[in-house]
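Down below is the structure, laid out as structure tokens.
Bear in mind these aren't lab numbers, they're just calculated from the coordinates by the rules spelled out. It should be emphasised that the depicted structure is a prediction, and the values quoted were computed from it without experimental measurement.
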Amino acid sequence: MGAPPAGQPAAGGPSLAKPATGQVPVQAPGQFPADATVPPPSGSTQVVPPASVAPPPPAAGARTGQQQAAAKGKGRGARGPRRARLQLRHIDTWSALKISLVLSIALFFVWMVAVGILYGVLSGLGVFDTLNDLFGQLGTASDGEGGSNVITPGIVFGGAAVIGAINIVLMTALCTVAAFVYNLCADLVGGLEVTLAERD
């Protein structure tokens, strides 16, 4: 078979023939060439308004800081301070032991300072001298050796230190046992209820 004549498309292929000069290529309805430009109508001027950039409207849920603060204050004034009811269900015995030991030692020093101040005041008033004279007279009347002071600073502070040490041991033990007993009671009947509230 020979080649198809010029101007006729091959079978199954697109048309490669160019239109004759002065002729308008035929296009299918609804199709336009890619580089076709449509001029404006004769005698009219196409005016394109400048694009105005307007700020986007604020979001519906966006609020300024002052509005949030005002709303918060208004809501708090309307409903009052928040409250929460809590239960103290468990106390760690080891924590109770450490806290009670530290507090007992602190109270021991407070006790010694209080004894020293009290001893200084009573000694300045002459109370201990009077008591020593009285004990000396009682010793002489009972055929004993008088003249020795019964109440001395060493005896006073030594006795206060012994009493303070005993208090440290007793307070520490009592607080630890009390925490253990509280845990048992809380497991049986529930813990101590505490209500917490915000300040007005």
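Specify whether the C-alpha gyration tensor of region 82-125 places it in the rounded, prolate or oblate class, a ≥ b ≥ c being the square roots of the eigenvalues: rounded for a/c under 1.5, otherwise prolate if a/b is larger than b/c and oblate if not. Intermediate results must be reported in sequence, preceding the final value.
On the way: a/c = 7.16, a/b = 2.54, b/c = 2.82.
Judged from the Cα gyration tensor, region 82-125 comes out oblate (a/c at least 1.5, b/c at or above a/b).
Based on the alpha carbon coordinates of region 92-200, what radius of gyration and maximum Cα-Cα distance (Dmax) apply, in Å?
In Å, with Rg to one decimal and Dmax whole: 23.0, 76.
Tell me whether region 159-200 comes out rounded, prolate or oblate; compute the Cα gyration tensor, take square roots of the eigenvalues as a ≥ b ≥ c, and use a/c under 1.5 as the rounded threshold.
Details: a/c = 7.56, a/b = 1.77, b/c = 4.28.
The shape class here is oblate.
What length, rounded to one decimal in nm, is gained on full extension from L107 through to V189, with 0.36 nm per residue of separation minus their alpha-carbon distance? Please report the intermediate quantities before stating the final value.
Working: separation 82, 0.36 × 82 = 29.52 nm, distance 3.36 nm.
Working it through step by step, the gained length comes to 26.2 nm.
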